[in-house]
């Protein structure tokens, strides 16, 4: 018969497990929540949409503000906002991000946040977990990221990892192709997150 470990061993295991779970929860909640370390030579805010897209392709990493601007260009063909505050308010209103995420514009955008926005624009509903939990904010970004990995639109990894500018541009291109094949560009104007009017 195998001897039972002493009681204090179980206590240590439980404490270690609680620490790991707690640390993981912090990571999942915060993502890559820190600013870009290497300053860029160009202020993206001064660029028009075409210049911004060229800049984005060479960016070493993508900030939250840059990702959100790119998403609006994908959704609307242009970005009319001129500040993070206006951009954030528009994205929240259209259901592309959640106010509770407390995103900071200068922080590096994590894959989960970007994946969530792409799924909303492309109207990708995902699997059962995405539908049941993601729609109410439980693991929404994680399930969105897994869905895009499953569809071959993003590389496998962790939802709190980051994308380079080149990877972001490649993802936007795949999303654009998906929207084209799904006929989303041919519908009447509608708010993202809502179904378009039925065509006769």
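Pick from the stretch 156-187 the residues that are free of Cβ contacts under 8 Å to residues at least 40 places away in the same chain and touching a helix residue (DSSP H, G or I) at 6+ places or on another chain (Cβ under 7 Å): which of them is nearest to residue 76 (Cα to Cα)?
Filtering first and then ranking leaves 185.
State whether one or more residues within the stretch 96-113 are modelled with pLDDT of 85 or more, assigned to a helix (DSSP H, G or I), within 20 Å of residue 69 (Cα to Cα) and touching a strand residue (DSSP E or B) at 6+ places or on another chain (Cβ under 9 Å).
yes
I'd like the full set of residues that are at pLDDT 80 or above and assigned to a helix (DSSP H, G or I), limited to the stretch 114-140.
Step one: list which residues in the stretch 114-140 are at pLDDT 80 or above, which gives 114-125, 140.
Scanning the stretch 114-140 gives 114, 115, 116, 117, 118, 119, 120, 121, 122, 140.
Working only within the stretch 27-48, note down all residues that are assigned to a helix (DSSP H, G or I), surrounded by fewer than 15 Cβ atoms within 10 Å (Cβ to Cβ) and modelled with pLDDT of 60 or more.
Result: 45, 46.
With the structure loaded, tell me whether residue 152 is part of a loop (DSSP other than H, G, I, E, B), surrounded by fewer than 18 Cβ atoms within 10 Å (Cβ to Cβ), more than 13 Å from the chain's Cα centre (by Cα) and at pLDDT 95 or above or whether it fails that test.
So residue 152 passes the test.
Please find, within the stretch 77-89, the residue that is nearest to the chain's Cα centre (by Cα) out of those that are assigned to a helix (DSSP H, G or I) and surrounded by fewer than 15 Cβ atoms within 10 Å (Cβ to Cβ). Full working, then the answer.
Within the stretch 77-89, the subset assigned to a helix (DSSP H, G or I) is 84-89.
Narrowing further to those that are surrounded by fewer than 15 Cβ atoms within 10 Å (Cβ to Cβ): 85-86, 89.
Working: 85: 18, 86: 19, 89: 16 Å.
Only one residue tops the list, namely 89.
So, in the stretch 56-73, how many residues would count as being buried (at least 18 other Cβ atoms within 10 Å of the Cβ) and either over 12 Å from the mean Cα position of the chain (by Cα) or part of a helix (DSSP H, G or I) (or both)?
Total satisfying the criteria: 12.
The values are calculated or read from the model by the stated rules, or taken from the named source; none is laboratory data. Bear in mind the structure is a predicted one, so any value in this text is a computation, not a measurement. Here Cβ is always computed from backbone atoms with ideal geometry, including for glycine, and neighbour counts include all displayed protein chains.
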